[in-house]
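Comments concern the structure below.
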Amino acid sequence: MIKLSITFLFTVIALLLVVLFTFLIYLFVQRQRESRFEQVRDRYLLNYSQLWYDYLFNNALFSMVLVPRGAAQVEAIERIFSSYLKNIISENVEQKIKQFANQYLKKFYEKDLSSRRWSIRMNALYRIADLQIEELLLSCQEFEKNKISDEEHFQLLKIYSLFQPDLFMEKIKNPNINYSESEYRRLFVLLEEDVFIRFFDDFNCWPTNIQFAVIDTAAVKRNMQYLDELKKLLSHDVMEINIRALKGLYEIGIIDEIDPFIPFVTSDMWEARLMVAKIFKHVPLAYTYSYLEQLLQDENWWVRSQAAKTIVEDRHGIAKLQQFIESSNDPYAIEMAQEIAARKEGSK
Amino acid sequence: MKIIDYCMMFFGGIILFYMLFVIVSYCTMFIIAMLDLRKRYRLDPSEYDDAHIDAFYSKPVSLLVPAYNEEVGVVDTVYSLLNLRYPQTEIIIINDGSTDQTLQTVIKHFRMKPINKIVQTNIPTKQIKQIYESEIYKNCILVDKENGGKADALNVGINVSQYPYFCSIDGDSILDEKSLLRVMKPIILSDGEVIAAGGNIRIANGAKMQFGSIYETQLPSNYLVIMQVIEYLRAFLMGRIALSKFNLVLIISGAFSVFSKKWAVEAGGYSTNIIGEDMELVVNIHRLIKEKKENKRIEFVPDPVCWTEAPQTLGVLRNQRRRWHQGLFESLWKHKKMTLNPRFGLIGFISFPYFWLVECLGPVVELGGYIYIVVAFFLGKIYYEVALILLLLFVIYGVIFSIAAILFESWSMNTYPKKREILRMILLAFTEIFWYRPLTLFWRCEGLVRFLRRKSDWGNMKRVGIAEKEKNI
């Protein structure tokens, strides 16, 4: 029995070593291949970067030598495009890149979409969106019919949002898909204003993640047309939505009336009180001081701290705080007022 | 003579059974990790990193740097934090009553000016002496406090911090500029379902650095360090990834990990009376998740995020390993009631038994295996064969797994790109069972004995300072 085990173990070890050795050989061959790939890529970069620059920026004539032959050259072109798209905003350049990609890179990505490897398909989907290869929209729709991962589906939504917003709005209603808030934000931030505002039309029908993402995106887009939409949400039944709307309004930074915010000064949620204290930064102190004084004596540390910071931002803020310190008998509020006042004076 | 025979049979049986158990569990974890990494093979990472560079997607993080007598490395660490590509951070250096020039070095280097700041005491700590703010970098704060240990320093950092997430960083860690983005990725993507995340730690010895970041990795020449490199790779492939997939991680390295402040505070912050404070916090948070019946996760990120200096001499390595093992045992012992407790789900049924059997008591059994082989050699007869089987199992466990880890890592991540380096690592892996393994086993057993004798010391590692090496290159 034991003898058998020893031979068995020897065989197992020998087999494993053979497998590992084969893997090592494969790895080295792979390295060799990679290094050849890199050589071709780098040679293309070296030879044609200047030509690309002249074509994209100096309106030089397009030369057929720029058309890629093989994956290595495609990767080189991807690098050139990605560096320009990330660092330079120019409609002309974007247009030229889009045109080139639709004409010459399309076939490469179309092939990649049918790859067995998930990562290759993902990379293709990334590129279709980045380089705006609209001509692959149909292929993408075909691709969607396969059994695909959530990540691929997300990337498809992004592509639809860029090329066919109506289709996007239809797809996002699909109740079977549920992405995180931050993922929805990544989608919404790219939408055109007229598409994005449609989310407010039947706001209550969306799942919570989309509702939150819509509010946050509206805040980031800083567009005046969302002000009224966000203000409407202040009377929503869900407190979290109220707080997000307050945050959004604070970030947009334009406050034309304070009445909608007054009820939140006495809100049960400290986060709402904190947001009001922040929003009052955008309103002259004369209109808000009485509320801020109330918030300065709040039971929550963050609210007190924010109220003091908001007061001190005003031209007469320090004087108001000094006055408060002398007249108040709330030790916590006084301590906070003293710290913020001292810091403000220190930084002058 | 008969008693000896019975003893040998008994121990031989236990050791063999244990080795088989460990080999099977490592194999399972390796396969899970392999499938996971295979999926991501060749995926363009820049797409993802860039998507989260904007403040709109990310969440602000406070970076905590506890420093006790770190005058050599602290400035480099802060620079590597300033290099991070992340939209909103604050750096909080906590001087834990250093007896060297740490405080003065930081004040001078970053032009620190005393400020008046009220600190919310979420977690009780030792007294803060003074808080400073840098005149050059407005988001950089220095807290000078009474000495209370690393855990206490981190707790002060948590109290002082103003952001919803904090990241603890060891004084000797060198980060990649995308480290924080990568480690925050699961947190951001999950909308807060992931409440703590740690990344893959690599060894910095031998790497080429400039301005606080690594630009070329090279295998160090010191054999002891190479063995540690292999050990890190193996731990990463045969442990962390698989455990993380099922939310079973009990250790995310203190060298670079992010926690939700709310949860960390609720879990009581870092425990000051225990050696492995990072593991303790993770276990406490797991406990809290189960108690509150919330759907939260602690995750390990396979991307390399942090580079750390590995001990270069046997003495320092011995101290480190002794300390680690003592810490592990202390934490497991403190939470022993979670073991096999149905209230804690898979953490109680898989994580705890795994850590008890494989990580904690493993060294005792394995060392027993080595002793068995030596004894069997003298006893002769039938024991030769048992000893040989044991030795072969050691070969699978030590050599085969190490080589597999080296090759698989090289295929999926390619940290050490040169062929010569891979071959060197493989050759060295063949020697592991003869010197490195028994040594570390012995030290870990020492840690166990120290735990039983309730001995503890600070065990601060003596550092050469990575920056020093940078100048030498």
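The values are calculated or read from the model by the stated rules, or taken from the named source; none is laboratory data. Every value quoted in this text rests on a predicted model; they were computed, and no experiment measured them. Methodologically, a virtual Cβ is constructed for each residue, glycine included, from the backbone with ideal geometry; neighbour enumeration extends over all protein chains shown.
General remarks:
- Scanning region B:426-452 for residues that are aromatic (Phe, Trp, Tyr) and over 24 Å from residue B:329 (Cβ atoms) turns up B:430, B:434, B:435.
- Residues being over 16 Å from residue B:73 (Cα atoms), under 22 Å from the mean Cα position of the chain (by Cα) and of a type in the set (A, V, I, L, M, F, W, C) - total across region B:185-206: 6
- In the set (1) outside any helix (DSSP H, G or I); (2) under 29 Å from the mean Cα position of the chain (by Cα), the condition left unmet by residue A:257 is number (2).
- Within region B:97-120, the residues that satisfy the criterion of being away from every other protein chain (no Cβ under 14 Å), under 21 Å from residue B:148 (Cα atoms) and of a type outside the set (A, V, I, L, M, F, W, C) are B:97, B:98, B:99, B:100, B:101, B:102, B:104, B:105.
- Every residue from region B:363-402 that is under 23 Å from residue A:11 (Cβ atoms), assigned to a helix (DSSP H, G or I) and either away from chain A (no Cβ under 12 Å) or modelled with pLDDT under 85 (or both): B:369, B:373, B:376, B:383, B:384, B:385, B:386
- Residue check for residue B:322: in a helix (DSSP H, G or I), in contact (Cβ under 8 Å) with a residue 40 or more places away in the chain, under 20 Å from residue B:273 (Cβ atoms) and of a type in the set (D, E, K, R): yes
- Checklist (1) of a type in the set (Phe, Trp, Tyr); (2) within 14 Å of another protein chain (Cβ to nearest Cβ); (3) within 37 Å of the chain's Cα centre (by Cα) applied to residue A:332, failing item: (3)
- Those residues of region B:292-311 which are at pLDDT 90 or above and acidic (Asp, Glu), in sequence order: B:294, B:299
- Filter result (without any contact (Cβ under 8 Å) to a residue 40 or more places away in the chain and touching a helix residue (DSSP H, G or I) at 6+ places or on another chain (Cβ under 7 Å)) within region A:38-56: A:40, A:41, A:44, A:45, A:48, A:49, A:51, A:52
- Candidates A:135, A:170 - the one that is under 22 Å from residue A:196 (Cβ atoms) and of a type outside the set (Val, Ile, Thr): A:170
- Flag if residue A:101 is among the aliphatic types (A, V, I, L, M), within 14 Å of chain B (Cβ to nearest Cβ), part of a helix (DSSP H, G or I) and crowded, with 19+ Cβ neighbours inside 10 Å: no
- Highlighted here are the helices (runs of 4 or more DSSP H) found entirely within region A:186-232 that include at least 1 residues which are modelled with pLDDT of 90 or more, within 11 Å of chain B (Cβ to nearest Cβ) and surrounded by 13 or more Cβ atoms within 10 Å (Cβ to Cβ): A:208-221.
- Within the set A:51, A:56, A:27, the sole residue that is farther than 30 Å from residue B:418 by Cβ, in contact with a Ser or Thr (Cβ under 7 Å, 6 or more places away or on another chain) and not aromatic (Phe, Trp, Tyr) turns out to be A:51.
- Residue in region A:170-185 that is within 26 Å of residue A:118 (Cα to Cα), modelled with pLDDT of 90 or more and among the hydrophobic types (A, V, I, L, M, F, W, C) present: yes
- Selection from region B:403-427 of residues that are more than 10 Å from chain A (Cβ to nearest Cβ) and in a helix (DSSP H, G or I): B:405, B:409, B:412, B:420, B:421, B:424, B:425, B:427
- Residue check for residue A:11: surrounded by fewer than 16 Cβ atoms within 10 Å (Cβ to Cβ) and modelled with pLDDT of 95 or more: no
- The set of residues in region A:291-326 being within 24 Å of residue B:121 (Cβ to Cβ), buried (at least 19 other Cβ atoms within 10 Å of the Cβ) and of a type in the set (Asp, Glu) consists of A:298 alone.
- Pairs, first touching a residue at least 12 places away in the same chain (Cβ under 8 Å) and closer than 14 Å to residue B:239 by Cα in region B:331-358, second charged (D, E, K, R) and loosely packed, with under 15 Cβ neighbours inside 10 Å, C-beta under 7 Å, six or more apart: none
- Region A:294-313 residues that are within 12 Å of chain B (Cβ to nearest Cβ), paired with ones that are aromatic (Phe, Trp, Tyr) (beta carbon under 6 Å, 6 or more apart): A:300/A:270
- Among the helices (runs of 4 or more DSSP H) confined to region B:216-285, the ones with at least 1 residues that are without any contact (Cβ under 8 Å) to a residue 24 or more places away in the chain and surrounded by fewer than 23 Cβ atoms within 10 Å (Cβ to Cβ) are located at B:223-235, B:261-266.
- Among all residues of region B:86-102, there is at least one that is hydroxyl-bearing (Ser, Thr, Tyr), under 30 Å from residue A:188 (Cβ atoms) and in contact with a helix residue (DSSP H, G or I) (Cβ under 8 Å, 6 or more places away or on another chain).
- Candidate set from region A:319-348 (those that are among the acidic types (Asp, Glu) and touching a residue at least 12 places away in the same chain (Cβ under 8 Å)); member that is nearest to residue A:297 (Cα to Cα): A:330
- Any hit, region B:7-18, residues being exposed (fewer than 12 other Cβ atoms within 10 Å of the Cβ), more than 15 Å from residue B:366 (Cβ to Cβ) and modelled with pLDDT of 90 or more: no
- Flag if residue B:163 is within 14 Å of chain A (Cβ to nearest Cβ) and modelled with pLDDT of 90 or more: yes
- Residue in region B:340-361 that is on the phi > 0 side of the Ramachandran plot, within 14 Å of chain A (Cβ to nearest Cβ) and surrounded by fewer than 20 Cβ atoms within 10 Å (Cβ to Cβ) present: no
- Residue that is nearest to residue A:171 (Cα to Cα), among those in region A:104-153 that are of a type in the set (Ser, Thr, Tyr) and within 14 Å of chain B (Cβ to nearest Cβ): A:149
- Only one entry in A:170, A:135 is part of a helix (DSSP H, G or I) and touching a helix residue (DSSP H, G or I) at 6+ places or on another chain (Cβ under 6 Å), namely A:135.
- So residue B:352, is it of a type in the set (Phe, Trp, Tyr) and under 19 Å from the mean Cα position of the chain (by Cα): yes
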